[in-house]
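Report on one structure; see the data block that follows.
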Amino acid sequence: MAEIAREAMEYDVVIVGAGPAGLSAAIRLKQLDADLNVVVLEKGSEVGAHILSGAVLDPVGLNTLIPDWKEKGAPLNVPVKEDNFYMLGEAGQIRIPNMFMPPLMNNHGNYIVSMGNVCRWMAEQAEEMGVEIFPGMACSELVYGENGEVKGVVAGEFGKNADGTQGPNYEPGMELHGKYVFLGEGVRGSLSKQVIAKYDLAAKSDVQKYGLGMKEIWEIDPEKHREGTVTHTMGWPLDSNAGGGSFIYHLENNQVYVGFVVHLNYKNPHVFPYMEFQRFKHHPQVAELLKGGKRVAYGARAISEGGYQSMPQLEFPGGALLGCAAGMVNVPRIKGNHNAMLSGIAAAEAAVEAIKADRSGDLLDGYDKAVRNGEIGKDLKKVRNVKPLWSKYGLLASLGIGGLDMWMNTLGIGVLGTLSHGKSDAEATEEARKHKEIAYPKPDGKLSFDRLTNVAFSFTNHEESQPAHLQLTDPSVPVDINLPKYAGPSARYCPAGVYEFVGEGDDKKFQINFQNCVHCKTCDIKDPSQNITWTVPQGGDGPNYPNM
């Protein structure tokens, strides 16, 4: 196949992903040197279109980056007024008193936000400073320099036929070269995954762990709305099937965020995370809140949960991993946006220093150390054992021993050292014959909904004539191995109904409805045979989240 000729554009720093990490890096670069040429490439149709987060935002990152954010109109309008923690049973709940919670779990001083809207606002600040931001530009390939360093990316390739050949309106895209390239793609980014493998960045770190977060926005009866209230639950309906829990955040305009997280290290391949979420809304406490209301949006995405011990090396020749591309979520706090911002700031500071010294394409030494020894490292180190305790010994042990460990770490005493996560989430999946099937109630169309109905509320769109961006290493594996051995788990773990088995007997086929994909990356993580690779579709395709 002939090599594609592409034009190249030169920048000082190329940033992949207009999330909180990438935008913070862009802003900090321009704050430190207004003459730098900085470009941010975003695969969503607009900034914020692919941003999905809880989100209760700890403003520490924003305070560091833009101390006068309030005067500049940042959309942080709902301070947290009340924090609730509940353990749910099928018919009731027990409140866990706040006094038992380590201080780091307190949400005082935090804000209930739409991270999509926060990113839209950050993009405006960046553009005012001269940062170039190109939405609808998916970065499909890395470009390497003569010494094997990352020197840029290919962005904006459009118009391929379904078989991968060039269609009549084919656009080859551009090469964007930088002295340094920052990857802020979020969880399990396709280019980040390649870089981690190529430079063996995870050689000294534990396996990365993940959860699947699903979220709906509801407009509820004003009588039931409590602006600024934050509620987290654990227990029912997951019980012993999987780890995880819920969040309910009351934001402005009589809206609530209703979310559910399922840890992806579950053993039973019959677990159906999306249906666990739908079942959760029928708990009496939740059903009463939502009754008479209406769902206005839906979305899903994976969450990195490995924490401190699972972060790979953050520097690679020619660039750096930012935020969730490296896994900087504090699992007990369910927060990663503040750390994403702080990582973008640290990477920018390292790059400016290097560029001033006339360097390019080398290791940004000092960035990794700044993350591990700074605020991010301190935040993650205190909670590093909660997730492995939960994975190995269950929810109650995690609450008891994990809570005690967080208290001790807050006081600077590390009794347990650093526990290991063990298996990857794919390896944790056991054969179907070892487990019972789970009967899930049928959605009622009022509180709970089938997947395809809900996907319509993610406003997802993909050009159907392009190649599927979900690629199988071996097309025979789903039917020949995953179906008989694991009961075809992709038909359940995907929160958008992308995968299904159609036909009977010898005519059984594996169908990929890539048009439904909300870019959550769960398939790339949980497939027990590790046979599915998530890549970017053409730019602008995917969900179009309004206020997620």
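The values are calculated or read from the model by the stated rules, or taken from the named source; none is laboratory data. The structure presented is a predicted model; accordingly, all values stated were derived computationally and were not measured. Heavy atoms of the whole protein, side chains included, go into the accessibility calculation; ligands, DNA and RNA do not. Shrake-Rupley method; radii C 1.70, N 1.55, O 1.52, S 1.80 Å.
Going down the table (204/434; 291/382; 281/436; 160/294; 335/442; 224/267), which pairs top 30 Å between alpha carbons?
204/434; 291/382; 160/294; 335/442; 224/267
Counting only DSSP beta bridges with both residues in the chain, tell me the antiparallel percent, nearest 5.
That works out to approximately 70 percent antiparallel.
Could you go through the stretch 508-525 in sequence order and give the Karplus-derived ³J(HN,Hα) for each residue, using 6.51 cos²θ - 1.76 cosθ + 1.60 with θ = phi - 60°, rounded to whole Hz, and x for Gly and Pro?
These are the phi-based 3J(HN,Hα) values: 4, 10, 9, 10, 10, 8, 4, 4, 7, 4, 9, 6, 7, 6, 4, 4, 5, 8 Hz.
Does the stretch 443-491 classify as rounded, prolate or oblate by the C-alpha gyration tensor (a ≥ b ≥ c root eigenvalues; a/c under 1.5 gives rounded; else a/b over b/c gives prolate, otherwise oblate)?
It is oblate, given that a/c is not under 1.5 and a/b is not larger than b/c.
Please turn the phi angles of the stretch 530-535 into ³J(HN,Hα) values with the Karplus equation 6.51 cos²θ - 1.76 cosθ + 1.60 (θ = phi - 60°), one per residue in order, whole Hz, x for glycine and proline.
Residue by residue, the stretch 530-535 yields 6, 9, 10, 10, 8, 10 Hz.
Starting from the Cα gyration tensor of the stretch 300-359, multiply each eigenvalue by 5, take the square root, and state the resulting semi-axes largest first in whole Å.
25, 12, 9
Step through the residues of the stretch 436-444 one at a time and calculate ³J(HN,Hα) from phi using the Karplus curve (6.51 cos²θ - 1.76 cosθ + 1.60, θ = phi - 60°), rounding each to whole Hz and writing x for Gly and Pro.
7, 5, 10, 8, 9, x, 6, x, 8
From the square roots a ≥ b ≥ c of the eigenvalues of the alpha-carbon gyration tensor of the chain, which class results: rounded (a/c under 1.5), prolate (a/b over b/c), or oblate?
It comes out rounded by the Cα gyration axes.
Taking Rh as the Kirkwood radius, which is the inverse of the mean 1/r over Cα pairs, what is the Rg/Rh value for the stretch 297-403?
Ratio value, two decimals: 1.07.
Quick check: from the Cα gyration tensor, does the stretch 46-179 come out rounded (a/c under 1.5), prolate or oblate?
Since a/c reaches 1.5 and a/b is larger than b/c, the shape of the stretch 46-179 is classed as prolate.
Nearest 500 deg cm²/dmol is fine: what mean residue ellipticity at 222 nm does the chain get from its DSSP H runs of n ≥ 4 alone, each adding -39,500 (n - 2.57), divided by its residue count?
After summing the helix terms and dividing by the residues of the chain, the value is -6500 deg cm²/dmol.
Return one whole number: the accessible area per residue of the stretch 97-224 in Å², for a 1.4 Å probe.
42 Å²
Which cross-chain or sequence-distant (5 or more) residues have an amide H under 5 Å from the amide H of residue 152, H modelled 1.01 Å from N in plane?
Here the answer is 143, 178, since their amide H atoms fall under 5 Å of that of residue 152.
Leaving out same-chain residues fewer than 8 places away, which aspartates and glutamates sit with a Cα under 15 Å from that of residue 356?
Output for residue 356: 12, 33, 35, 365.
Take the solvent-accessible surface of the protein heavy atoms, probe 1.4 Å, and return the percent of it on the stretch 288-396 that carbon and sulfur atoms account for.
50 percent
With a cut-off of 8 Å between alpha carbons and a minimum separation of six or more residues, what is the relative contact order of the chain in percent?
20 percent
For the stretch 465-538, what is the accessible area per residue in Å², given a 1.4 Å probe and the full set of protein chains?
For the stretch 465-538, the solvent-accessible area averages 38 Å² per residue.
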